[in-house]
Amino acid sequence: MSAPKFVPNTVYVTYIASTPEKVWEALTRAEFTRQYFFGHSIELEPKTGGSFILRAPDGSVHMRGRVIEYDPPRRLATTWSVEGMEAFRELPESLVTYAHQLEVPDAILAGGRQGWPFILSSLKSVLETGKPIVVSVKMGPPPEMLEAVKQAVAKKPWVKSAKKR
């Protein structure tokens, strides 16, 4: 089965202090989804090409689709077509993808949180005015970020994670 071509319009990043297995279970088991999805429960065939249903609290089908990717506990992608709201039924199907990334030390994330706003604001300024933002402080990774990167490179957790798959 070839997957339709979807272009992401919205990307949400959420950091969850849990194991990939626990997150996977919460995404794929009805008893968990009811707890955080306002009473809705998920039903899916655990395989690529399987069916996907999101049931409303009253048991009716709210969303229906199919499983595009099924790679426990790292990646789940399903199509969603609205059935439970008549005004939305003619909309095209959308794609929802959950992907578990490696745990990233906060010191590395903090450096990115400092740097990216400046970089993207400068991009905005170049596009709007033709001139980059002038920053009065020296730009570069903060020392704690550099230390966290050195530690991550020494431990290489991404190598262990790839071997688990």
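Taken together, the residues in the stretch 123-144 that are in a helix (DSSP H, G or I), open to solvent by less than 70 Å² (accessible area, probe 1.4 Å) and modelled with pLDDT under 80 amount to 1.
The test for being within 20 Å of Q101 (Cβ to Cβ), part of a loop (DSSP other than H, G, I, E, B) and within 20 Å of the chain's Cα centre (by Cα) does not hold for P46.
Sub-8 Å Cβ pairs linking a first residue in the stretch 140-165 that is within 17 Å of L109 (Cβ to Cβ) and charged (D, E, K, R) to a second residue that is in a helix (DSSP H, G or I) and at pLDDT below 80, at least 6 apart or interchain, are E144/A107; E144/A110; E144/G111; E147/A107, ordered by first then second residue.
Only one entry in E31, E69, E86 is surrounded by fewer than 16 Cβ atoms within 10 Å (Cβ to Cβ) and under 18 Å from the mean Cα position of the chain (by Cα), namely E69. For the stretch 34-59, the candidate set comprises residues that are without any contact (Cβ under 8 Å) to a residue 40 or more places away in the chain and among the hydroxyl-bearing types (S, T, Y); within that set, the residue that is surrounded by the fewest Cβ atoms within 10 Å (Cβ to Cβ) is Y36. Among the residues of the stretch 100-122, those that are open to solvent by 50 Å² or more (accessible area, probe 1.4 Å) and among the aliphatic types (A, V, I, L, M) comprise L102, V104, I119, L120.
The values are calculated or read from the model by the stated rules, or taken from the named source; none is laboratory data. Just so it is clear, the structure is predicted and the values come from calculations on it, not from any experiment. In this analysis, Cβ positions are derived from the backbone assuming ideal geometry, glycine residues included, and neighbour counts consider all displayed protein chains. For accessibility, only protein heavy atoms count, side chains too; no ligands or nucleic acids. Shrake-Rupley method; radii C 1.70, N 1.55, O 1.52, S 1.80 Å.
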